[in-house]
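Notes for the one structure printed next.
The values are calculated or read from the model by the stated rules, or taken from the named source; none is laboratory data. These figures come from a predicted structure and were not determined experimentally. No Cβ is skipped: glycine too gets one built from the backbone with ideal geometry, and neighbour counts run over all protein chains shown.
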Amino acid sequence: MIATPAMSLRVAAEVARQAGIAPLVLGDAIEGESREVARVMAGIATQVRRFGEPAPAPCVLLSGGETTVTMRGDGRGGRNVEFLLALAIALHEQPAIWAIAADTDGVDGAEEIAGAVVTPDTLPRARRLGLSPADSLARNDAHSFFGALGDQVVTGPTLTNVNDFRAIVVA
C-alpha cells in the first residue's frame, strides 16, 4: 500500500498545523447519504463557529469515506458535489466557513470533475446567476450548479484512489 485513507487525513492535518490551523480528524470511514452527512458536518461547523466546540476556531474538520447519493432527479453530479451543495444549504450563508470535497482519483460521479469548493458567498453568487440551490439539489444537479459558479475542482486523473476527502475550514 502506498497510501491509505487514514494516511491522507494525517498528512492534511499536518499541513493544517503548519498553517496554524488546528485539525480535527473526524474519521476516514464516514458513510451515509451525502445530504445527511452534509447536515451533520454543517452542525459541527456551526458548533465550532458559535461555541468553539469540539475545537476552537480556526480549525479544519477533516473526514473521508464514501457517501452515497439516492437519485431523485436527472441532473449531473457525484457524491462529493452533492455533499457540498447540501452543506452550503445547511450552513445558511454563515460567514467564515469554507469547504472542499473531492474524490482522490479525480473523478466524482461519471465526469472528470474531482469535486468542488464552497465559500461563504456560494449561495448569494448562485442566486445572482438565477440558480436555485434547492432545485439543483432536488434534481441531483450539483455539477451544473458548481460549474456555473466556476467552483468545480478539476484535477484530471490522479492515478491514486485513496478515498473521498472532505475539509471544512472554520475561521
Selection count where residues are among the polar types (S, T, N, Q) and within 20 Å of VAL169 (Cβ to Cβ), scope segment 52-71: 2
Counted residues, segment 64-78 - those being surrounded by 24 or more Cβ atoms within 10 Å (Cβ to Cβ) and either within 15 Å of GLU36 (Cβ to Cβ) or among the hydroxyl-bearing types (Ser, Thr, Tyr) (or both): 0
Condition check for GLY52: modelled with pLDDT of 95 or more and surrounded by fewer than 16 Cβ atoms within 10 Å (Cβ to Cβ): yes
Members of segment 27-47 that are of a type in the set (A, V, I, L, M), touching a residue at least 12 places away in the same chain (Cβ under 8 Å) and in a helix (DSSP H, G or I): VAL37, ALA38, MET41, ALA42, ILE44, ALA45
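Limited to segment 29-65, what total is found for residues that are at positive phi and in contact with a Leu (Cβ under 6 Å, 6 or more places away or on another chain)? Give the derivation first.
The initial filter retains those residues of segment 29-65 that are at positive phi, namely 32, 52, 65.
Filter once more, keeping what is in contact with a Leu (Cβ under 6 Å, 6 or more places away or on another chain): none.
Here the count works out to 0.
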Single residue of segment 1-26 satisfying the filter (modelled with pLDDT of 95 or more and not in a helix (DSSP H, G or I)) that is farthest from PHE165 (Cα to Cα): GLY20
Residue in segment 69-85 that is in contact with a Lys or Arg (Cβ under 6 Å, 6 or more places away or on another chain) and β-branched (Val, Ile, Thr) present: yes
Unmet criterion (only one of (1) modelled with pLDDT under 95; (2) over 27 Å from GLY147 (Cβ atoms)) for ARG72: (2)
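So is ALA114 among the hydrophobic types (A, V, I, L, M, F, W, C), crowded, with 23+ Cβ neighbours inside 10 Å and farther than 19 Å from VAL25 by Cβ or not?
On the way: among the hydrophobic types (A, V, I, L, M, F, W, C): yes; crowded, with 23+ Cβ neighbours inside 10 Å: yes; farther than 19 Å from VAL25 by Cβ: yes.
Answer is yes for this residue.
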